[in-house]
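Worksheet: one structure, shown below.
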Amino acid sequence: MTALMEKIRQERRSIAEEVTQLFRETQEFLSATKAHRQEEAKKQAQQLHQFHYDLETTTHKFLKETTKKRAAQAKAQAQFLRNFYQELEQTTQEFLAETAKDRAEKAEAQRQYLHQFRQDLFASIFGKF
């Protein structure tokens, strides 16, 4: 019986040692996994920070270039509109001047025609003087 008890004690010790060994290995595994995950998280945080910085830099550069382009386009459009307005103003003035001259000439021709018509009418009615 003592031999059996001794055997049971040895098996218990062996089991306890195995449990202790498994516990140590598990703790080492968990510790290594935790360290690995922390390192990965640190790398991801650095990559994310770099991505954010690059995105802000690119966005700022894009907005700055877009602002310059839009300002140049607005300046060119303003110049085009000034030129267009000046040409329109000049064309309008020329048109109005020509129209006024045309009307004056037509009015003069009509006046002369009516004057002649009146003279001819009087002459036909009253005879020539």
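The lysines within cross-link reach of Lys61, meaning a Cα-to-Cα straight distance under 18 Å and a gap of 8 or more places when in the same chain, are Lys69.
Gyration tensor analysis over the Cα atoms of segment 82-129 returns equivalent ellipsoid semi-axes of 44, 5, 4 Å (largest first, whole Å). Of the residues Leu96, Gln119, Ile15, the one whose Cα sits farthest towards the positive end of the charge dipole of the chain is Gln119 (charges of +1 on Lys and Arg Cβ, -1 on Asp and Glu Cβ, taken about the Cα centre). Considering all different alpha carbon pairs of segment 12-129, the Kirkwood hydrodynamic radius works out to 25.1 Å.
About the Cα centre of the chain, how large is the charge dipole given +1 on each Lys and Arg Cβ and -1 on each Asp and Glu Cβ? Please answer in debye to the nearest 20.
Values: 22 positive and 19 negative charges, 49 e Å.
I would put it at about 240 debye.
Dipole check for segment 82-129: with +1 at the C-beta of Lys and Arg, -1 at the C-beta of Asp and Glu, and the Cα centre as origin, the magnitude is about 360 Debye. FRET efficiency for the pair Glu105 and Phe84, taken as 1/(1 + (r/R0)^6) with r the Cβ-Cβ distance and R0 = 22 Å, rounds to 0.10.
Partners of Lys106 within straight-line reach, counting lysines whose Cα lies under 30 Å from its Cα and excluding those fewer than 8 residues away in the same chain: Lys128. For segment 52-98, the set of chymotrypsin sites (Phe, Trp or Tyr not before Pro) satisfying both a DSSP loop assignment and a count of at most 13 other C-beta atoms within 10 Å is empty.
Placing dummy labels 7 Å off each Cα toward the beta-carbon, the span from Lys69 to Thr92 is 3.5 nm. For the chain, modelled as a GNM whose springs connect Cα atoms under 10 angstrom apart, the maximal fluctuation among Gln46, Gln119, Gln93 occurs at Gln119. Here is how the number arises for the chain: DSSP H runs of 4 or more residues each give -39500 (n - 2.57), the sum is divided by the residue count, and the result at 222 nm is -37500 deg cm²/dmol.
Only the coordinates and a few stated rules stand behind these numbers; no lab work does. These figures come from a predicted structure and were not determined experimentally. Please note: Cβ atoms are built from the backbone with ideal geometry, for glycine as well, and neighbour counts cover all protein chains shown.
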